[in-house]
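Heads up: the structure comes next, in structure tokens.
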Amino acid sequence: MPNKTLKILSSEDVARGTRAFHLSKPDGFNYEPGQTIDLTLINPPEMDAEGPVRTFSLVSAPHEPYLMFATRMRDTAFKRALKNAKPDMELAWDGPYGSFILHRNPSKPAVFLAGGIGITPFMSMTKYAIHHKLPHEIYLFHSNHLPEDSPFLNTLQEFEKQNPNVHYIPTMTDLEPSAQWSGERGIIDWNMIAQKAPTMKSPIYYLAGPPGFVTAMRDMLKANGADEDSIRFEEFPGY
Ligand SMILES: Cc1cc2nc3c(=O)[nH]c(=O)nc-3n(C[C@H](O)[C@H](O)[C@H](O)COP(=O)(O)OP(=O)(O)OC[C@H]3O[C@@H](n4cnc5c(N)ncnc54)[C@H](O)[C@@H]3O)c2cc1C
């Protein structure tokens with residue numbers, strides 16, 4: 001039995017085909033919002049070429065008493081094991097890892113560009129900023145096909161209502177023109193950013209999601225004159 005283990009306490013759907021898992025927090029586990037954890041299946045009933053380990057951004061924030069991650073429940077050996085997880089199932093863990101964390105200088109706004117499940121590190125950073133009453137302005141753009149695919153949509157809308165520094169801008173790329181939806185439509189582009197954050201000066205951009213999304217967003221920002229040093233990104237391989 002590996003010596004560093006934690007338990008799955010519970011799980012819930014947070015969008016179509018997308019589940020969040022609450023985990024016990026190991027004693028002394030300290031992390032910064034935006035960091036990741038490596039989770040390993042212990043004696044899985046089956047394995048595929050990708051093996052038993054996956055990296056997940058933590059959705060929880062450090063002040064919360066449990067850990068949480070969220071993932072698209074695709075039909076892979078790892079995800080089948082998660083789907084069939086009984087309460088108290090143990091996972092081996094390693095971490096935290098990563099330097100995808102919020103900048104300290106509050107005079108620079110944070111612009112988060114999330115593609116689908118790429119919302120996970122931004123959940124943690126936003127919760128942290130709210131909890132600690134950070135003065136940073138946060139503009140969180142979140143692109144999904146449809147509202148039902150959009151993880152944590154209601155939670156993020158509540159964050160925005162309760163916190164004047166948090167601006168949540170969900171956009172849907174696959175809506176029928178006749179569909180009811182009061183938010184943005186289409187991919188995140190420079191016009192959308194300029195329209196939603198017109199007075200913003202010297203922002204730091206944070207990009208997370210599938211590699212194709214991250215590449216497209218980097219290219220879009222650079223084509224519109226964003227300084228490369230102001231762009232930070234995290235790619236989720238396998239999507
Ligand atoms: C820094 C970092 C942070 C991450 N954070 C998160 C996170 O918060 N949440 C999260 O879910 N993931 C996160 N990931 C990615 C995660 O580690 C897995 O790679 C991802 O969840 C895919 O795992 P999987 O078991 O579904 O697919 P894998 O078994 O890893 O996929 C194997 C291959 O199968 C293909 N494939 C499998 N299913 C499908 C499908 N339905 N459609 C098309 N192709 C398919 C993929 O092309 C892929 O190449 C992160 C990765 C990194 C590096």
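Derivation of every value follows stated rules applied to the coordinates shown; laboratory data play no part. Keep in mind it's a predicted model, so treat the numbers as computed, not measured. A quick note on method: Cβ atoms are made from the backbone with ideal geometry, for glycine too, and the neighbour counts reach across all protein chains shown.
Some observations on this one:
- If you take the Cα centroid of the range 181-239 and the Cα centroid of the range 103-133, the two points sit 14 Å apart.
- Shape category assigned to the range 64-191 from the gyration tensor of Cα positions, a/c cut at 1.5: oblate
- Potential extension, Val53-Thr155 segment - 0.36 nm per residue separation minus Cα distance: 33.8 nm
- Kirkwood hydrodynamic radius of the chain, Cα pairs, Å: 18.5 Å
- Highest-first packing order for the peptide set 205-212, 230-237 is 205-212, 230-237, based on the mean count of other beta carbon atoms within 10 Å.
- Sequence ranges 14-24, 76-86, ranked by mean other-Cβ count within 10 angstrom, highest first: 14-24, 76-86
- Under 5 Å from the amide H of Arg185 lie the amide H atoms of Met172, each residue being 5 or more positions distant or on a separate chain, with H modelled from the backbone and absent for Pro and chain starts.
- Listed residue (Met172, Phe236, Gly95) projecting farthest to the positive dipole end of the chain, Cβ model: Gly95
- Residues whose amide H lies under 5 Å from that of Gln35, counting only those 5 or more places away or on a different chain, are Leu58; hydrogens are built 1.01 Å from N in the peptide plane.
- Backbone HN-Hα couplings from phi across the range 5-20 [Karplus 6.51/-1.76/1.60, Hz, Gly and Pro as x]: 10, 9, 10, 7, 8, 6, 8, 8, 6, 10, 5, 4, x, 9, 10, 9
- Three-way shape call for the range 169-217 based on the alpha-carbon gyration tensor, with the a/c threshold at 1.5: oblate
- Summary value for the chain: 19 percent relative contact order, contacts being C-alpha pairs under 8 angstrom separated by 6+ residues.
- Cα-based shape type of the range 1-129, given that a ≥ b ≥ c are square roots of the gyration tensor eigenvalues and the cut on a/c is 1.5: prolate
- Helix runs (DSSP H) in the chain reaching 30 Å along axis by Cα, Kyte-Doolittle at least 0.0: none
- Counting only DSSP beta bridges with both residues in the range 22-144, the antiparallel share comes to about 70 percent.
- Cα-Cα over 32 Å, subset of Lys127/Lys201; Lys83/Lys127; Lys25/Lys196: Lys25/Lys196
- Scoring 217-228, 103-114 by mean Cβ neighbours within 10 Å over their residues and listing the highest first yields 103-114, 217-228.
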